[in-house]
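Undergrad: This is the structure I want to talk about, given as structure tokens.
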Amino acid sequence: MTATQVEDGAALEVRVPLPRKRIRHEHRRRRWLLVIVAAIVASVVTAVSGAGDVMRVDGFGSFLEFFQAALHPRADAGFLGLTATSAITTLAYAVLGTLVSLVIGLVGGVLTSQTWWLARPQGRRAGRVGWFVTRAVLVVPRAIHEVIWGLVLLAVFGLDPMVAVLAIGIPFGAVTAKVFSELIDEAPHGPYTALLAAGSGRLPALVYGIFPGALSDLLSYAFYRFECAIRSAAILGLVGAGGLGFQLALSFQTLQYNEIWTLLYALVVLSIAADQWSSFVRTRRTTRVLGGSAVVAAVLAAFSWWWVGFDPSVLWQGNTWTLAGRVLADAVPPTFGGQSPLDLLGLAGITVSMSVIAITVAFFGGALLAFPSARLPWLGLRRRSGGLLWTIRSGLCKLILVLLRAIPPPVWALLFLFVFYPGVLPGALALGVYTAGVLGRLMAEAAENLDGRPLRALRAHGTAEPLVFCYAVLPAVTPKFVAYGLYRWEVAIRETVVVGVVGAGGLGLLLNQQLASFDYAASLTTVAALILLTLVVDLGSAALRRALR
Amino acid sequence: MLPDSCADPVAELQPIAELRAAGAVRGSVTALAGIDLRIAPGERVAVIGPSGAGKSSLVGLLNGTVAATSGSVTVLGCRFTGAPGAAIRRAQRRIGTVHQRFDLVEQLSVVHNVNAGRLGGWPVWKALLSLVAPRGVAEARAALDRVGIGAKVRQRAGDLSGGEQQRVAIARVLVQRPLLVLADEPVASLDPARGREVIDLLLELSGELGTTLLTCLHDVGMALGSFERVVGLRAGTVVFDRPPSALSDGDIRDLYAFAAPVPHP
């Protein structure tokens with residue numbers, strides 16, 4: 001290359017300005033980044049500037065004591081037996097809840113898919129209306145957290161396994177329906193339209209034309225949902241549904257740290273087992289693995305049914321409907337229950353700031369743990385065998401991530417109450433630490449699935465590892481990390497309700513108080529506010545995603 | 001002709017299909033405009049034209065998967081515009097369509113794919129049961145024998161070669177006992193020899209069963225050599241519609257010529 005050519009190139013670069021659209025996008029991006037920083041600062045200020053002190057120094061002793069107890073959990077035969085039966089109960093609720101959610105998800109998924117409504121050229125407008133209505137109907141159960149469902153259902157069914165099963169099944173079913181409808185709409189449609197053209201009805205055309213192709217995706221998502229259901233079942237136990245969560249709550253009341261650790265270990269084992277099963281099914285989708293897993297799941301479901309004494313007849317027997325009617329009549333018309341609309345707005349602000357702190361902690365914590373735990377062969381140092389040091393480091397980081405997400409957020413919140421006064425901060429940190437465990441794993445998976453070719457090309461130039469990391473790895477994973485982070489932010493808003501249990505403020509705390517005093521009319525208002533907030537956050541996160549793309 | 005009533009389709013219908021000033025707008029694009037076409041029973045028609053001329057939309061109009069935005073489409077005595085869904089489906093059951101990409105369900109075995117052609121005539125419970133314990137195996141087998149791949153009845157459709165898959169698709173049409181067979185570029189995904197075989201098979205079957213056949217083709221030679229009527233389609237309108245003997249080389253050249261000659265600087 002000659003010097004003039006180089007000069008020409010440089011001159012060319014100066015002469016060609018960026019397209020105006022690109023510049024505008026760049027400006028918008030900068031504005032949004034400013035908004036994010038401002039939101040984080042404002043949230044931290046809100047959380048810290050509460051009434052009086054934030055930290056309690058005297059609590060550090062108990063905090064340390066708690067973690068020291070990790071080394072000697074209570075392991076006598078009696079307590080181990082109790083832990084085992086509690087673990088099975090939690091597992092059984094998770095299995096049955098997932099089962100209900102799958103039924104709802106399958107029916108709802110078909111009924112909310114464009115494939116179903118817009119199948120024929122005739123009557124498209126009516127189809128669009130039907131599609132929109134079914135979609136809108138499913139938004140509400142999705143926006144209400146399992147714990148809220150649990151508390152409401154408790155008023156209807158009393159202490160019955162049905163409470164936990166439906167509390168998991170209804171919101172999970174609505175989420176599953178959304179994902180299933182997307183999977184159905186994204187599946188190849190050639191066979192389906194071909195069958196419709198031959199005069200087939202919609203249902204047979206769907207079963208013959210779409211399901212065989214989408215089945216492995218549907219099943220793998222079902223197993224992912226099961227993994228989430230284990231955590232939900234534990235949390236529901238904390239509010240009284242029995243199982244590991246219930247025992248955890250009891251041991252917390254008496255501050256038996258060694259018992260708590262035994263129960264937590266059981267929960268970790270259960271989580272890891274579900275986690276491994278789910279990722280095994282999702283990475284190896286052969287007919288044998290899927291079929292075998294389905295059979296095991298069916299056996300597990302039958303066993304769970306028997307174990308918790310599940311009885312669907314409570315749905316139509318006794319005074320279930322009368323009670324449901326009474327709760328509904330109490331709730332309508334909704335009232336503000338002593339709050340002014342402005343109070344609600346203030347509480348909504350606290351909820352948002354709690355979720356912002358949580359997701360900030362989770363994002364950076366997750367990313368810091370994700371890189372050392374991920375297997376990144378293209379960074380060169382680690383060949384397939386890997387060094388011993390690396391194996392230890394990676395294993396340790398993975399273990400930390402599992403621990404973070406296996407311990408339910410309310411338990412984290414109770415722990416943080418040792419060192420913080422009740423308020424926004426312990427709730428936000430609890431949610432953040434738990435979400436870090438979830439995000440860290442997603443991030444590690446994203447890093448492991450990176451396209452290795454550009455990285456190898458850089459390595460081939462003799463670029464040092466840290467530079468490869470900065471020039472190729474970080475730019476490639478950042479958009480994915482941001483996308484996951486925003487997605488988890490939407491989830492975190494819903495989960496602020498859960499840490500409300502321990503007096504972390506916001507709408508969640510208010511709702512818990514209102515439900516505890518059976519004030520359903522005021523609860524309905526708070527639930528509506530939460531749903532509205534969820535919608536606003538969803539829209540905001542979608543706008544952010546577009547701007548940062 | 002039965003203009004509006006949609007009784008059970010019969011073979012002696014005159015004509016089998018009729019388009020009157022039919023047009024179709026797909027999205028913001030006008031795919032077809034002012035199409036007049038009458039197809040008599042037993043006719044074998046080839047439709048040719050450049051990419052984007054509206055050939056697939058024409059097939060869509062004829063099998064009822066594309067709604068006419070103007071004019072009328074009447075097939076097997078059923079006027080698609082405004083007819084109730086059940087009546088349209090009754091007609092569709094006797095219209096067999098062969099697609100360019102075969103459109104088989106690759107994860108299902110061949111027998112299910114062939115049976116898929118009869119789903120319109122089966123009650124839902126039977127269709128679902130058949131996935132577990134296949135029904136109508138004998139008929140499926142006979143249809144597969146007819147297209148020359150009877151031995152593959154239990155194989156997974158996705159494991160077959162392209163030519164075999166297109167034969168499964170034709171068997172799927174055969175079990176419909178169709179009065180009208182539509183083929184949308186049935187050989188575009190196959191090599192020339194395999195393509196020739198498939199076209200010959202379609203013509204043979206239509207001769208044997210007296211079925212009406214309409215095929216869209218890219219291969220002009222094949223269209224002129226084997227069909228008694230050739231329709232030229234260009235930019236959504238019919239340019240010519242006559243027997244191959246009445247077509248000149250110039251007609252074909254004009255059909256495929258660029259819309260506006262690009263001036264060279």
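The values are calculated or read from the model by the stated rules, or taken from the named source; none is laboratory data. The structure displayed is predicted, hence computed values, not measured ones. Reconstructed Cβ throughout: ideal geometry from the backbone, glycine too, with neighbour counts over all protein chains shown.
This table checks each residue for (1) at pLDDT below 80; (2) buried (at least 17 other Cβ atoms within 10 Å of the Cβ); (3) within 25 Å of the chain's Cα centre (by Cα).
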| position | (1), (2), (3) |
| --- | --- |
| A:SER304 | no, yes, yes |
| A:ASP311 | no, no, no |
| A:ALA329 | no, no, no |
| A:THR335 | yes, no, no |
| A:THR351 | no, yes, yes |
| A:GLY366 | no, yes, yes |
| A:LEU369 | no, yes, yes |
| A:LYS398 | no, yes, yes |
| A:LEU401 | no, yes, yes |
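Undergrad: Next question, about the same structure. Going residue by residue through the stretch B:167-174, is there one that turns out to be away from chain A (no Cβ under 13 Å) and either crowded, with 22+ Cβ neighbours inside 10 Å or not in a helix (DSSP H, G or I) (or both)?
TA: Checking the stretch B:167-174: at least one residue is away from chain A (no Cβ under 13 Å) and either crowded, with 22+ Cβ neighbours inside 10 Å or not in a helix (DSSP H, G or I) (or both).
Undergrad: Also, quick follow-up: All but one of (1) farther than 23 Å from A:ILE210 by Cα; (2) surrounded by fewer than 17 Cβ atoms within 10 Å (Cβ to Cβ); (3) touching a helix residue (DSSP H, G or I) at 6+ places or on another chain (Cβ under 8 Å); (4) of a type outside the set (S, T, N, Q) hold for B:LEU128; state the number of the condition that does not hold.
TA: Status for B:LEU128: all satisfied but (1).
Undergrad: How do the helices (runs of 4 or more DSSP H) wholly within the stretch B:47-136 filter down when requiring 3 or more residues that are more than 9 Å from chain A (Cβ to nearest Cβ): which remain?
TA: The qualifying helices (runs of 4 or more DSSP H) are B:55-63, B:110-115, B:124-132.
Undergrad: Separate question: Which one of A:VAL37, A:VAL14 is part of a helix (DSSP H, G or I), at pLDDT below 80 and out of contact with any strand residue (DSSP E or B) (no Cβ under 7 Å at 6 or more places or on another chain)? Step through it out loud before you land on a result.
TA: On the way: A:VAL37 fails: at pLDDT below 80.
One residue alone meets the criteria, A:VAL14.
Undergrad: Which of the residues belonging to the stretch A:162-197 are within 14 Å of chain B (Cβ to nearest Cβ) and in contact with a Pro (Cβ under 9 Å, 6 or more places away or on another chain)?
TA: Within the stretch A:162-197, A:PRO191, A:LEU195 meet the criteria.
Undergrad: Kindly indicate the residue of the stretch A:204-213 that is free of Cβ contacts under 8 Å to residues at least 12 places away in the same chain and closer than 16 Å to B:LYS126 by Cα and also farthest from the other protein chains (Cβ to nearest Cβ) among those meeting that condition.
TA: So the residue we want is A:VAL207.
Undergrad: Could I ask something else about it? Quick check on my filter: what residues within the stretch B:30-64 are surrounded by 22 or more Cβ atoms within 10 Å (Cβ to Cβ) and not hydrophobic (A, V, I, L, M, F, W, C)?
TA: Residues satisfying the conditions are B:GLY49, B:GLY54, B:LYS55, B:SER57, B:GLY60, B:ASN63, B:GLY64.
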